[in-house]
Amino acid sequence: MSYTEHAEPHLESDVFWMEKALELARQASEVGEVPVGAILVKDGKCIAAAHNQREQSGNPIAHAEMLAIQEAAQKLGNWRLIGTVLYVTLEPCPMCAGAIVMARIPKVVYATTDPKAGAAGSLYNIVQDPRLNHQVELISGVCAEESSAMLKSYFKNLR
């Protein structure tokens, strides 16, 4: 597996799906959630989509990735999400990275890094740890500026 940081040019399909995830992130921000969106794609079709819902639900694990993984597993009737690609606007945290590995998601594309909690290449790299039973192909930097600006604006407005 490989990690490609800020690979240019990005695939059109990666940009297309990341723009959809960014729309979900905007929706999260509008309802007072940290603006993170996630979409799981299989065979070129969205099978699950979610944004952060921790504040609304009072649930600490209601991250966009966790919700999308759960939805996809229910739709597919299988916890193994083989043949999928996860698009997420922020680098997954350790909890989400663990779920990605457990769900056997083969590829993750994320927009911007998370230097405080990132577990897919920056602070940690759980998803590519060779000691685990599954490693993930990573691509970062797709629509990074837009995602980063949205997150910075959200946190600036909180303070």
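A few notes on this one:
- Note on segment 1-115: with charges restricted to the Cβ of Lys and Arg (+1) and Asp and Glu (-1), its dipole about the Cα centre is near 540 debye.
- Whole-number accessible area per residue in Å² for the chain, which is evaluated in the context of all protein chains at 1.4 Å: 51 Å²
- Anisotropy class of segment 92-159 from Cα gyration tensor, a/c 1.5 cut: prolate
- Sorting Met95, Met18, Met102 by solvent-accessible area of protein heavy atoms yields Met102, Met95, Met18, largest first, with a 1.4 Å probe.
- Carbon and sulfur %, accessible surface of the chain computed with the full protein complex present, 1.4 Å: 53 percent
- Computed over segment 10-94, relative contact order equals 30 percent, with contacts defined as Cα pairs under 8 Å that lie 6+ residues apart.
- Assuming charge only on the beta carbon of Lys and Arg (+1) and of Asp and Glu (-1), the dipole of segment 39-78 about its Cα centre is about 100 debye to the nearest 20.
- Segment 11-159 - Debye-derived log10 I(q)/I(0), Cα point model, q = 0.13, 0.19 Å⁻¹: -0.50, -1.11
- The calculated 222 nm mean residue ellipticity attributable to helices in the chain amounts to -11500 deg cm²/dmol, summing -39500 (n - 2.57) over DSSP H runs of n ≥ 4 and dividing by all residues.
- For the chain, lysine pairs separated by 8 or more sequence positions, or belonging to different chains, with Cα-Cα distances below 16 Å total 7.
- Selected from Ala62, Thr113, Pro35, residue furthest toward positive end of dipole (the chain; charges at beta carbon): Ala62
- Among Glu19, Glu33, Glu55, residue whose mean-square fluctuation peaks in a GNM of the chain (springs only between Cα atoms under 10 Å): Glu55
The values are calculated or read from the model by the stated rules, or taken from the named source; none is laboratory data. In this text the structure is predicted, and so the values were computed from the model without any measurement. With ideal geometry, Cβ positions are generated from the backbone for all residues, glycine too; neighbour counts draw on all protein chains shown. Please note that ligands, DNA and RNA were not included when accessible areas were found on the heavy atoms of the full protein model with its side chains. Shrake-Rupley method; radii C 1.70, N 1.55, O 1.52, S 1.80 Å.
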